[in-house]
Structure formats: C-alpha cells, structure tokens
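This report concerns only the one structure given below.
Just so it is clear, none of the values below were taken in a lab; they were calculated from the coordinates. Because the structure is a prediction, the values reported are computed rather than measured. Glycine gets a Cβ as well: all are built from the backbone with ideal geometry, and neighbour counts include every protein chain shown.
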Amino acid sequence: MKIELWPEGAPYALGNHQGDRPAITAYFAEKKGSKQPAVVVLPGGAYHAHAPHEGEPIARWLNTLGITAFVLEYRVAPYRHPVPLMDAKRALRLIRSRAEAWDLDPTRLGVLGFSAGGHLASTVGIQYDNGDMNAIDEVDRFSCRADFMILCYPVITMGEFGHDGSRLHLLGENPTNECIQLLSSERQVAEDTPPTFLWHTSDDSAVPVENALLLAGALSRCKVPFELHSYQTGSHGLGLAESHPEARTWPDLCSRWLKRIGVTV
C-alpha cells in the first residue's frame, strides 16, 4: 500500500520532476494481538537515488520480527536540504496520526537508514520536534521523534570523512560552514537522542567507518544508549549482507538489540 505524504501536493515541489510526490509504501506485519512497533525505512543512494535492495527486502525482514515497515520515497537531487528532512519528518508524523487505525504503537516508532538514508535517519532522529498543536494540518500536530535509530554504514558527517556525493547532492557546491555543522549529525547529538544501533565495515571505501565512530563517540559523551558493530572488511552498500560471511550477522544482532530495548518481545 502506497500513501502519499501530501496528497494535495508536497511543499517546494518543482512540478517537473518524477520525484515530486514523496510517499511511504506500507508493509504490515502479521498481527499477533497487541499493537505493533513500526519502522520507517530510508534506502541509500547519495541523495541522488534510492537503492532498491535497501527498501522492500528490509521491510520484509522487519515483518519477520513483528514490525510493520514503511519504505520512504524521500525527495532527492535536484531537491536539497531541507526537503528530504521535511519528507522524513512528515512520514513519522503521518504514521503517528494513523497509529490507531493501523493498530500501531506510536511509542515504538523508529527509523532505519542505509548510507545517505542513514544520514537522513540520524538527522530526523536527532533534529526532531514535538509537532505544532496549532497547525491547520492535523498531521503536523504530531511528533516526528523516532523512538530508536538503526543506522547501517551511515553517512554522518558533512565535514572531514564525509561522502562527497551525498554532500554535493544535499547541500550543493558551496555550502556554508553553518549548514555543514548543522547537517553533521555527530555535532547535533544531545541527551534526548534516541537509542541507536550502528554497523559499518572498517574498510568501506565509499563512506569511511569514521562516520559511525564519530557518531558513537558523540552518543557516548551524551550517555545515549548505543550498540556499535564494525566488521573488519566488506564493501559499501551490503544491505542485508546475506552473502557476506561476517556482516550477515547484523540482522540477528539488531533483532536482539530491539528486544533488549523493549521494541519487540
């Protein structure tokens, strides 16, 4: 089931681009009595595209854990910041606004992102708001806070060790220092940042492992619960990593972590 975030037209829509209508595709888990947790899945693609293997297959895996998943088609280049962040915030608000109808638990709603999608997940997870109770649009009255984050080989920083393509597509050729700082998630972590599961490969040649390490350090300093796994070797963009002899363990490690923090039972 595909649901447009703004059925009457998204803000800042260019009007001549195939990605003008951001949407979520729902993958409902089998109901087992109580209200279910949910996750917004953010595929990578350097803010230029969406990697298919980081979308539906991830949603299907989450379903096996009893988690309903929503794969977000957020806007990418030629769109720039803050448009992708607006789309991610809207997705979380929309799901919370329909939690009762969809039999979901609005206090167990997380984000899961890969590569640039991991950057977007970390950005919305850290730079959230609680909604505007005076908003005309009822959806905008709901919080866009993620209750937990799962970040897979994420782009985190826009500074040193950042991914040039993601920075270019998101911020343009000459971003201001203020914008670089704002969109470097390791610089925005606070005590209320949600608990986080991180994994990366140490020899990732596209997005250096320093991205995950920088965020882990910031989480540690702010005493935010986190779990970090760095596999010794592995190419970028592994997704579920089913054919990788070591990284294929990350889904199981993540499922155990989700139980540990009370998302699943």
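Before moving on, here are some points about what is shown:
- Matching entry among Ser220, Ser205, Ser185 (being buried (at least 16 other Cβ atoms within 10 Å of the Cβ) and out of contact with any Asp or Glu (no Cβ under 9 Å at 6 or more places or on another chain)): Ser185
- Qualifying positions in segment 234-246 - within 24 Å of Ala49 (Cβ to Cβ) and either part of a helix (DSSP H, G or I) or in contact with a Ser or Thr (Cβ under 9 Å, 6 or more places away or on another chain) (or both): Gly234, Ser235, His236, Gly237, Leu238, Ala241, His244
- Looking across segment 82-120 at every residue that is aliphatic (A, V, I, L, M) and surrounded by fewer than 24 Cβ atoms within 10 Å (Cβ to Cβ), the one that is farthest from Ala46 (Cα to Cα) is identified as Ala101.
- Among the residues listed as Glu54, Glu8, Glu30, the single one being on the phi < 0 side of the Ramachandran plot and crowded, with 16+ Cβ neighbours inside 10 Å: Glu54
- Test: residue in segment 247-261 that is more than 19 Å from Leu112 (Cβ to Cβ) and in a loop (DSSP other than H, G, I, E, B): no
- Total residues in segment 38-59, condition touching a Ser or Thr at 6+ places or on another chain (Cβ under 6 Å) and in a loop (DSSP other than H, G, I, E, B): 3
- Restricted to segment 11-53, and to residues there that are more than 20 Å from the chain's Cα centre (by Cα) and hydrophobic (A, V, I, L, M, F, W, C), the residue that is nearest to Glu100 (Cα to Cα) is Ala13.
- Test for Arg141: is it surrounded by fewer than 23 Cβ atoms within 10 Å (Cβ to Cβ), among the basic types (Lys, Arg), over 14 Å from the mean Cα position of the chain (by Cα) and more than 25 Å from Pro11 (Cβ to Cβ): no
- Checking Ala206 against (1) outside any loop (DSSP other than H, G, I, E, B); (2) closer than 24 Å to His50 by Cα; (3) over 17 Å from the mean Cα position of the chain (by Cα); (4) among the hydrophobic types (A, V, I, L, M, F, W, C), the condition it does not meet: (1)
- Residues in segment 14-27 that are assigned to a loop (DSSP other than H, G, I, E, B) and surrounded by 17 or more Cβ atoms within 10 Å (Cβ to Cβ): Gly19, Pro22.
- Among the residues of segment 165-182, those identified as of a type outside the set (A, V, I, L, M) and either under 30 Å from Arg260 (Cα atoms) or crowded, with 22+ Cβ neighbours inside 10 Å (or both) are Ser166, Arg167, His169.
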